[in-house]
Amino acid sequence: MKLNKRYARSVRANLSFYVAASIMTMTALLAFYLFYIAGIGINSYADEFFSRNKLEDAQFTVYTPLTDEDITSLESKYDVTLEAEQSFDSENDGVTARIFKANQKIDLYEIIEGNDIKEDSDIVISAGYAKANDVSVGDKLTVSGRKFTVTGLFLRPDYLYMLKDLSDSYKNVSTFYLGAVTDSMFSSLNSGPSVTYKVIFGEDSSDTEFRRQLNEDFYLMSYVPAESNARIKMVHDQADTYISWAWMMLILLPLITVILISIVIGRKIRSEQRIIGTLSAFGYKKSALMRHYSLLAMLPGIMGGILISVLCLLIAQPYGELTLIDYEPLQAEFRLPVSAMITGMIVPTVIYMLAAMLKIRKLLKHDTVELLNNSVGKDVKTHKILTNSDKKVRFKFAVRSLIGSKGRTFVVFLGIFLGAMIVSLGLMFSDSVKGIGDAVKSSYGDLEYEYILNTIKTEAPSEGEAVVAAKFENEDSTEFTLMGIGADTQLWELGLTDGGSADLEKGWYASSLCSVVLGIEAGDEITVRSVTTLEEHSIKIEGIIDNGYNSFIVSTRERAEELTGLEHGSYTAIISDKELDIPASEVSSVLTKDTLKEQMDAMLGENNSLIYAILIIAAIICISSLFIAIGLLISENSTNISMLKILGYDNKRISRMLLDMNQVLLIPGIGLGIAAAYAALSAYKDHYAALVNAMLPVELTASQVIITTVFVCICYYGSLYFLKRKVGKVNMAESLMDNRE
């Protein structure tokens, strides 16, 4: 007997296993490949784009404008590149256009379609808005009552993540866009544009000294480093998140899948112990047998790895572009790195090979006679279970099979568990994002509008409540808003996470979002500093306010005035339960209760494709693992099936006796899968909060449980339907044969 003649025969005999195992390997690797492709593609493009278009290191505003001489002096003294950026906002039919005078040194725009402006009647606009609203080169747009022709679409490095205001949590390309016109047209459109200063530091620059000088000479209104600017940092943050998800997927899905398949390989090899014993008796060495079975075991890894690598080479670009939905239309190139492709093929293949070699090695430690008698690994104790019971044969058979074949039972359970976990994770994430809107309304109470002023006021507002609001940072340079509110406020919700209510007279309180972002708890004493003056202060956190949608630390206005250096009675923001008539020239930004809900709804709508992808992956893994496990069950019980046929049982009764017993695993498998998904999302929500400045209200609902249960049951019973036909194919004479081979 030559071993190489058995390869084709073994593959034909176990074709369903090799196909299902290859599909599972492909699916597990697919999750890793796709997230990895997306992450490195975005990061690579962003690095080159930022460098090419002179991305800012920081931006700031001041109360005293800088002259050209001031800019030249600061550039020379602090080794910086400095530029005053001019812009204004124009409203037309509910759409806001932020029109810029084109920069010359910092944050340059790059035309990706069409041509740059030449005439006063020309305008170039941000590509994201154009793509989302079907605006093409050559179309007409109205800005400040004048008609312009769109000559090109552009990207800007400081607006790759299109936030209208830095306090927003999600992009806006439906009612907001950027535009650039000629310098002469810009001057005629707006006589008093907003000025924001952009800076790039040189090798010998000192951010701290530069900032102090700015505050001393010009009094900083705001200062935002690039690493704190959501429009900029979101690009790398999300790309890094994709990469971290990829490694998590590589650890979770392939590892579990490989373990599952390795168990099956081990059981298949053990089921051939009589053949192995025969080959051993014929003089085949241990090394030859180990090599033979390890090569067979490698097939799912080799085939799955090759097929998924080829697939990813074909879909890398279109899939990668799907992950760009949160950004402007980046011109990124997505490809599967050769190193990742080789790793994906080698790792599962080697593990399958080792699993087979270890199993063969373990079997060959037994006496050849034991192998020939097919007695290795037979649990005779389970044969005695329920021997004195008057239960039906079907019930006894089911109990003995489940208990006596722990590995096989585990494989079935794992398939149910994985399917339930992945499906419920997708559903929970979707529902959690949907739930942010209601959670925001609860956290904001009666507060409807928050007006952030661009000037310091001292006269009490005629309507609404005055608030001190200033940007501060901790020792790690993580920003938050330091606030001062009247202790008798009727608008700002002060409920604590522990059920009480904040007493601002006692001291400082942090929002629950801020506590997550800064990593602080009630009772902690922390050092904070103003992002403008850089003066440090030590404050104690008295409690945590239940607000997962604003990152702030709050106390009375008097304490906030002291820390910010404002005169008594001064304020920088107004909150109200209705819209106020405040001149636009005095307002830096307006936040509303509905803003975050609208942003989260937009995010959910654009990320549905990823959620659907999760459900598809869950279905494939669930069906494949169940197909393998139940196929293994039939294969290992072929002798019993044959005997039952001899005893007069028809295929339907045999199928019920043999296959229906695994139904008892559905409830614990689904239950634990849902619990694991809840735990995983609860653990992830802190990272998500830091990414989008909103905490997920993770909840487990009846609809999630029902949908997950129905989904897994369809996968389970669908697998049974197709596998029941294998029962009918078992030869009635099987139990009379010593060796099928």
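Read-outs: derived from the displayed coordinates by stated rules, not from any lab. From a predicted model like this one, the values you see are computed outputs, not experimental measurements. Here the Cβ positions follow ideal geometry from the backbone for every residue, glycine too, while neighbour counts run over all protein chains shown.
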Report, in listed order, any pair from 54/105; 101/457; 441/593 with a Cα-Cα distance greater than 18 Å.
101/457
For residue 587, the residues 5 or more places away or on another chain with a placed amide H closer than 5 Å to its own amide H are 454
Spatially proximal aspartates and glutamates relative to residue 540 (Cα-Cα < 12 Å; intrachain offsets below 8 disregarded):
521, 524, 525
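Taking the Cα centre as origin and putting +1 on Lys and Arg beta-carbons and -1 on Asp and Glu beta-carbons, what dipole magnitude results for region 449-578, to the nearest 20 debye?
On the way: 8 positive and 25 negative charges, 53 e Å.
The dipole of region 449-578 has a size of about 260 debye.
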For a label point 7 Å from the Cα of residue 710 along Cα→C-beta, name the residues of region 430-453 whose backbone N is under 19 Å from it.
430-432
Would you calculate the separation in nanometres between label points at residue 216 and residue 287, each defined as 7 Å from the Cα along the Cα-to-beta-carbon direction?
7.9 nm
Check: region 86-198 dipole with +1 on Lys, Arg Cβ and -1 on Asp, Glu Cβ, in debye
120 debye
Quick one: 3J(HN,Hα) in Hz for region 80-85, Karplus 6.51/-1.76/1.60 with θ = phi - 60°, rounded, Gly and Pro as x.
10, 10, 10, 8, 8, 9
For region 86-198, what's the radius of gyration and Dmax over Cα atoms, in angstrom?
12.9, 36
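Roughly speaking, what is the stretch gain from residue 343 to residue 651, that is 0.36 nm per residue apart minus the C-alpha to C-alpha distance, in nm to one decimal?
Working: separation 308, 0.36 × 308 = 110.88 nm, distance 4.47 nm.
Net length gain for the segment: 106.4 nm.
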Put a dot 7 Å past each Cα toward the Cβ at residue 361 and residue 616; how far apart are the dots in nm?
4.1 nm
Along the Cα-to-C-beta direction of residue 104, a point sits 7 Å from the Cα; which residues of region 179-204 have their amide N less than 14 Å from that point?
183-184
What size of dipole, in debye to the nearest 20, comes out for region 424-470 about its Cα centre when the only charges are +1 on Lys and Arg C-beta atoms and -1 on Asp and Glu C-beta atoms?
220 debye
For residue 154, list long-range residues whose amide hydrogen, built 1.01 Å from N in the peptide plane, is under 5 Å from its own amide hydrogen.
112, 125, 126, 127
Report D for region 449-578 in µm² per second (integer): Stokes-Einstein, Kirkwood Rh on Cα pairs, 25 °C, 0.890 mPa s.
167 µm²/s
Hey, which aspartates and glutamates would be in cross-link range of residue 147, C-alpha to C-alpha under 20 Å, not counting anything within fewer than 8 residues on its own chain?
89, 91, 93, 116, 119, 120, 122, 134, 139, 183
Among region 516-539, those whose backbone N falls under 14 Å of a label point 7 Å along Cα→Cβ from residue 686 are 516-522
DSSP-defined antiparallel bridges as percent of all bridges, region 86-198, nearest 5
60 percent
What are the semi-axes of the equivalent ellipsoid for region 270-309, taken as the square roots of 5 times the Cα gyration tensor eigenvalues, largest first, in whole Å?
28, 10, 5
If R0 is 51 Å, what FRET efficiency do you get for residue 643 and residue 311 from their C-beta distance, rounded to 0.05?
0.70
Sorted by Cβ density within 10 Å, fewest first, the residues 164, 140:
140, 164
